[in-house]
Amino acid sequence: MISEFQTHAEKLGYQSWTAIQKAVYEPLLAGQNVVGIAPTGSGKTVAFTLPLLSRIEPEDDTALIVVEPSAELAMQTEKTIQEWGRLINLTTQGIVGGANMKRQIERLKDHPNIIVGTTGRLMDLINLGKLKLTNVQTIVIDEADNLLSEDTLPAIRELVDKAPEATQLGFFSATENDILKNVNRWFVQDMQTFDVSAIDDTQGNVKHGQLQVSSHKKAQMLLRFLHMKDFKALVFFDQLNTLQKVSGFLIHRHVREAAKLTSEQSQTSRQNALRDFRKGKVRLLLTTDVAARGIDIPKLPAVINFDLPRDAKTYTHRVGRTGRMHEDGLVINMGDDHDLRRLKQMVRDHFDLQNIYFDGNQLSDTKPKMTEKLSAEDESGTSQPETPPATKSPTHKKADKPRGHQLKPRPHHKKNKHSKRKGMHHKRTEK
């Protein structure tokens with residue numbers, strides 16, 4: 001390893017390299033085509049960054065392209081690569097959809113050494129002739145199980161086909177799908193797989209809890225988590241419309257410590273939500289699997305599955321957001337008895353789910369003696385005293401009528417048949 005990288009690693013507090021970083025360093029440095037499989041949060045970005053940057057010279061034209069499934073992940077990866085690249089005078093540019101294309105084209109004129117981008121925008125600029133692949137040495141497909149799907153595989157293959165035939169390929173992921181398992185069928189390069197899932201030791205102690213709660217009480221339950229000291233969590237939803245409803249529920253109750261991260265938001269809005277979440281200003285970040293794919297939140301205490309995942313692969317990606325780099329983590333799965341039993345059956349080969357309960361404003365492994373009921377009136381998440389029911393009077397079958405200010409009835413006056421000159425006789429005078 002070059003001295004600049006070694007010094008920077010020590011400055012960052014690296015005590016040892018992770019399993020995936022050790023496994024792929026020499027093969028990537030030697031130009032081999034690699035498939036790297038390692039748990040979420042095990043340092044895969046640094047694993048391919050250090051050896052691949054070591055092969056690039058500052059005077060080289062675009063030599064490395066890293067493809068990410070989302071703009072957020074692309075910007076996150078760009079930041080990491082830029083941090084290491086500066087040490088040896090390499091330049092990095094991000095190219096994502098939603099950003100100003102004209103500015104991206106102008107920056108390409110500076111011939112950056114490394115480009116990190118999303119598939120759609122990369123292909124747009126390639127087809128426009130603005131991004132040249134003539135000198136590309138390596139293409140890395142990050143979150144490969146996501147990008148090598150039926151929907152995106154054709155675009156990835158087209159990108160690789162436009163690069164020189166000798167281009168080195170790297171595929172990195174936390175889990176495998178059928179395409180990734182049989183990657184040699186889809187690409188002419190001979191791939192070598194390094195799966196370190198069984199020996200990786202970067203995961204901390206992560207507790208997987210199941211909290212029994214009915215569907216219509218889940219939104220109220222989120223309010224209770226905000227009463228827990230230093231609690232912060234990514235909250236996962238299957239459906240965007242459910243996320244929007246819950247977000248509206250929280251906004252209506254003036255909850256300022258919650259925000260949403262969705263693919264429908266503007267890039268600026270998503271960046272602000274992630275920034276506030278990382279800083280702790282936002283404690284509940286409502287998101288979907290697509291929007292949160294690969295997002296790295298250092299020392300994230302918890303993940304909440306508001307909607308339970310439909311398959312074990314999705315569960316693995318979600319829970320990998322917490323318990324990274326030897327930190328402890330917590331996963332809270334909310335659902336009714338039937339849903340929780342189905343989830344436990346689905347992930348039992350890899351994760352041990354245990355019942356958890358609310359005891360006051362804290363989570364507990366032990367079921368409280370008096371099970372608290374979260375009433376509809378208790379929308380603030382705190383216990384409210386119940387109003388005792390009204391009792392009937394023992395002497396009266398009917399309840400007394402409310403006593404208000406009663407007006408006295410007007411006395412009835414008979415109409416006087418006589419004129420004002422009562423008893424007086426009027427004589428008619430004749431003229």
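Worth pointing out:
- Any hit, region 78-95, residues being surrounded by fewer than 16 Cβ atoms within 10 Å (Cβ to Cβ), among the aliphatic types (A, V, I, L, M), over 19 Å from LEU52 (Cβ atoms) and not assigned by TED's automatic domain parsing to the domain that holds SER263: no
- Scan of region 313-327 for residues that are surrounded by 23 or more Cβ atoms within 10 Å (Cβ to Cβ) and among the hydrophobic types (A, V, I, L, M, F, W, C), ordered by number: VAL319
- Count of residues meeting criterion [more than 23 Å from GLY120 (Cβ to Cβ) and touching a helix residue (DSSP H, G or I) at 6+ places or on another chain (Cβ under 8 Å)] in region 57-82: 1
- On inspection, SER214 qualifies as exposed (fewer than 14 other Cβ atoms within 10 Å of the Cβ), more than 20 Å from the chain's Cα centre (by Cα) and either under 22 Å from THR77 (Cβ atoms) or small (Gly, Ala, Ser) (or both).
- Residue ID - surrounded by the fewest Cβ atoms within 10 Å (Cβ to Cβ), chosen from residues in region 121-139 that are in contact with a Ser or Thr (Cβ under 9 Å, 6 or more places away or on another chain) and not basic (Lys, Arg): THR134
- Residue check, ALA219 closer than 23 Å to GLY31 by Cα and under 18 Å from the mean Cα position of the chain (by Cα): no
- Residue tally, condition of a type in the set (S, T, N, Q), more than 17 Å from PRO69 (Cβ to Cβ), in contact (Cβ under 8 Å) with a residue 24 or more places away in the chain and not in a loop (DSSP other than H, G, I, E, B), over region 155-186: 1
- Complete set of residues in region 127-137 that are over 21 Å from ARG55 (Cβ atoms) and either outside any helix (DSSP H, G or I) or modelled with pLDDT of 95 or more (or both): LEU128, GLY129, LYS130
- Region 281-373 holds strands (runs of 3 or more DSSP E) entirely within its bounds, and those carrying 2 or more residues that are touching a helix residue (DSSP H, G or I) at 6+ places or on another chain (Cβ under 8 Å) map to 284-288, 302-305, 329-335.
- Of the residues examined, ASP201 is one that is more than 23 Å from PRO69 (Cα to Cα), modelled with pLDDT under 90 and over 23 Å from the mean Cα position of the chain (by Cα).
- Residue in region 227-239 that is more than 21 Å from VAL331 (Cβ to Cβ) and surrounded by 14 or more Cβ atoms within 10 Å (Cβ to Cβ) present: no
- If you check GLN189, GLN220, GLN168, GLN210 for being in the same structural domain as PHE306 (by TED's automatic domain parsing), touching a strand residue (DSSP E or B) at 6+ places or on another chain (Cβ under 6 Å) and not hydrophobic (A, V, I, L, M, F, W, C), only one passes: GLN210.
- Selected residue (criterion: surrounded by the most Cβ atoms within 10 Å (Cβ to Cβ)) from residues of region 240-268 that are small (Gly, Ala, Ser) and in contact with a strand residue (DSSP E or B) (Cβ under 9 Å, 6 or more places away or on another chain): ALA259
The values are calculated or read from the model by the stated rules, or taken from the named source; none is laboratory data. All of these numbers come straight from a predicted model, not from anything done at the bench. Heads up, the Cβs are rebuilt from the backbone with ideal geometry, glycines too, and the neighbour counts pull from every protein chain shown.
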